[in-house]
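The block underneath contains the structure these notes are about, expressed in structure tokens.
Please treat every number below as a calculation from the coordinates, not as lab data. Just so you know, these numbers come straight off a predicted model, no measurement behind them. Don't worry about glycine lacking a Cβ; one is built from the backbone with ideal geometry, like all the others, and counts go over all protein chains shown.
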Amino acid sequence: MWLEILGTIFSLNTFEAAIRLAVPIALAAMGGTFSERAGIINIGLEGMLLTGAFAAVLGSYFTGSAWLGVAFAVLASAMSAALFGYFTIELKANHVVAGVGLNILALGLTTWLMQVFWGSRGTSPAVTGVGRLHIPFIAELPIIGRLLGRQSPFVYIMFILIIGGWVLLFKTPLGLRIRMTGEHPEAADSLGIKIRFIKHFSVILGGAFCGFGGAYLSLGNLNWFSMNMSAGRGYMALAANIFGQWNPLGGLGASFLFSFSDAVQMRLQGLDIALPHNIIQMIPFVLTIVILAGAVVKARPPAALGNHYSPGK
């Protein structure tokens with residue numbers, strides 16, 4: 001029995017599923033990285049993911065194009081992030097409270113809009129989704145081919161976006177301004193950096209990343225939207241961001257850890273083991289709590305994270 005369990009946990013199928021499941025978590029984690037590097041605590045990643053997942057299906061439903069649905073998702077999540085930024089930056093609302101409020105708003109609004117458009121609170125009708133890509137050269141490789149040879153385009157785009165996000169944040173003048181805003185806004189202001197613009201830009205960019213991750217949930221992984229489809233992945237992304245030390249690459253690594261645990265619990269449910277399925281399903285969330293608790297103790301967040309600074313620019 002134990003050999004069967006270990007074989008299931010460390011099989012190529014489990015690792016392949018972990019790569020797929022990491023997409024929304026890693027993209028939302030990078031969204032949190034940009035927001036929090038600029039000093040804005042972003043608890044609203046869950047709501048932004050959910051908004052993106054709904055908008056993707058809505059866009060695909062009315063246009064018949066999956067990729068236009070993705071564009072709808074990115075735009076909708078960016079708009080929800082702009083709303084969050086308005087409350088936290090302009091109105092100086094508590095970041096955590098505003099983020100929780102956004103999550104509640106997204107859950108209620110998407111549930112209500114499902115009834116408006118489709119007369120259902122459960123799931124939407126099936127729409128045109130984004131299929132998988134088959135890359136011949138990679139697919140021929142022994143192990144890599146199984147893992148990356150035939151994946152959703154979202155997977156490949158995720159790697160490109162995360163590498164690009166890391167370059168933007170750590171290798172460009174704009175990235176330096178973002179990091180200065182989150183560390184020493186007074187010093188950044190004295191150098192003429194437009195603090196409010198940087199904060200708004202970072203939050204909205206983070207929302208766009210969440211929108212892309214949400215679109216994967218509904219159009220890359222499935223072809224429909226269901227109520228509360230994000231299912232806690234935004235909170236996993238928050239933990240991955242902290243565990244990854246506010247670095248897109250670190251967040252990607254932490255996201256793989258969470259997605260691997262999620263893939264394991266799904267595979268274990270198919271085995272005849274003496275554990276209730278409810279206990280098995282708790283594995284990713286227990287891991288999230290444990291890692292988040294440990295990471296918060298050891299992590300060094302941006303110095304001005306959660307602070308309100310009004311340069312008047």
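When you count, for each residue, the other Cβ atoms within 10 Å and take the mean per peptide, how do 120-131, 68-79, 214-225, 47-58 rank with the highest first?
Top to bottom by mean Cβ count within 10 Å: 47-58, 214-225, 68-79, 120-131.
I want to verify a result. In a Gaussian network model of the chain, Cα cutoff 10 Å, which of these has the top mean-square fluctuation: PRO248, PRO153, PRO185?
Maximum among the listed residues: PRO153.
Restricting to DSSP loop positions (anything but H, G, I, E, B) with no more than 10 other Cβ atoms inside 10 Å of their own Cβ, which chymotrypsin sites (Phe, Trp or Tyr not before Pro) remain in the stretch 110-214?
none
Out of residues 5 or more away from ILE40 or on other chains, whose amide H comes under 5 Å of its own, with H placed 1.01 Å from N in the peptide plane?
GLY306
Among the lysines in the chain, how many pairs, 8 or more places apart or on different chains, have alpha carbons under 24 Å apart?
So the count works out to 7.
Please give, to one decimal in nm, the separation of the simple spin-label points placed at ALA187 and ILE289, each 7 Å out from Cα toward the Cβ.
With each label point 7 Å from Cα toward Cβ, the separation is 3.9 nm.
Across 10 Å bins from 0, what is the distribution of all Cα-Cα pair distances for the chain, in whole percents?
7, 27, 34, 23, 9, 2, 0
Angle check, please: helix 153-171 long axis (alpha carbons) against the longest principal axis of the chain (alpha carbons), in degrees 0 to 90, nearest 10.
Rounded to the nearest ten degrees, it is 30.
What FRET efficiency, computed as 1/(1 + (r/R0)^6) with R0 = 22 Å and r the Cβ-Cβ distance, is obtained for ALA82 and ASN307, rounded to the nearest 0.05?
That pair, ALA82 with ASN307, gives E of 0.60.
If you place +1 on the Cβ of every Lys and Arg and -1 on the Cβ of every Asp and Glu, how big does the dipole about the Cα centre of the chain come out, in debye to the nearest 20?
It comes to approximately 540 debye.
Of LEU252, LEU168, LEU102, which has the largest mean-square fluctuation in a 10 Å C-alpha GNM of the chain?
In the Gaussian network model the winner is LEU168.
Taking K and R as +1 and D and E as -1, what net charge do the other residues with C-beta under 14 Å from the C-beta of GLY108 add up to?
Computed value for this residue: 0.
Rounded to two decimals, what is the ratio between the C-alpha radius of gyration of the stretch 182-264 and 2.2 N^0.38 Å?
Taking the Cα Rg and dividing by 2.2 N^0.38 Å, one obtains 1.38.
At 20 °C and 1.002 mPa s, what whole-number value in µm²/s does Stokes-Einstein give for the translational diffusion of the stretch 12-133, with Rh from the Kirkwood sum over Cα pairs?
So the translational diffusion coefficient is about 138 µm²/s.
Quick one: net charge of ALA28's neighbours, Cβ under 13 Å, K/R +1, D/E -1?
That works out to -1.
Between ALA293, ALA240, ALA98, where does the largest GNM mean-square fluctuation fall for the chain, given springs only between Cα atoms within less than 10 Å?
Comparing ALA293, ALA240, ALA98 in the GNM, the peak value goes to ALA293.
Among LEU217, VAL167, GLY206, whose Cα lies farthest out toward the positive end of the dipole of the stretch 78-222, if unit charges sit on the beta carbon of Lys, Arg (+1) and Asp, Glu (-1)?
Positive-end residue among those listed: LEU217.
Report, in degrees rounded to the nearest 10, the 0 to 90 angle that the Cα long axis of helix 95-118 makes with the longest principal axis of the chain.
For 95-118 against the chain, the angle is about 50 degrees.
Once fully extended, how much extra length lies between LYS92 and PHE62, figured as 0.36 nm per residue of separation less the alpha-carbon to alpha-carbon distance?
Extra length from LYS92 to PHE62 when fully extended: 7.1 nm.
Could you state the angle between the C-alpha long axis of helix 173-183 and the longest principal axis of the C-alpha atoms of the chain, as a value from 0 to 90 degrees rounded to the nearest 10?
80 degrees
If I model a spin label as a point 7 Å beyond the Cα along the Cα-Cβ vector, how far apart are those points for THR123 and GLN245 in nm?
Between THR123 and GLN245, the simple spin-label model gives 4.3 nm.
For the stretch 138-220, state which GluC sites (Glu not before Pro) are in a DSSP loop and have at most 11 other beta carbons lying within 10 Å of their beta carbon.
GLU140
With each label point set 7 Å from Cα along the Cα-Cβ vector, what nm distance links ILE160 and LEU109?
2.9 nm
Which one of GLY99, PHE15, ALA66 has its Cα pushed farthest toward the positive end of the charge dipole of the stretch 1-152, where Lys and Arg give +1 and Asp and Glu give -1 at the Cβ?
ALA66
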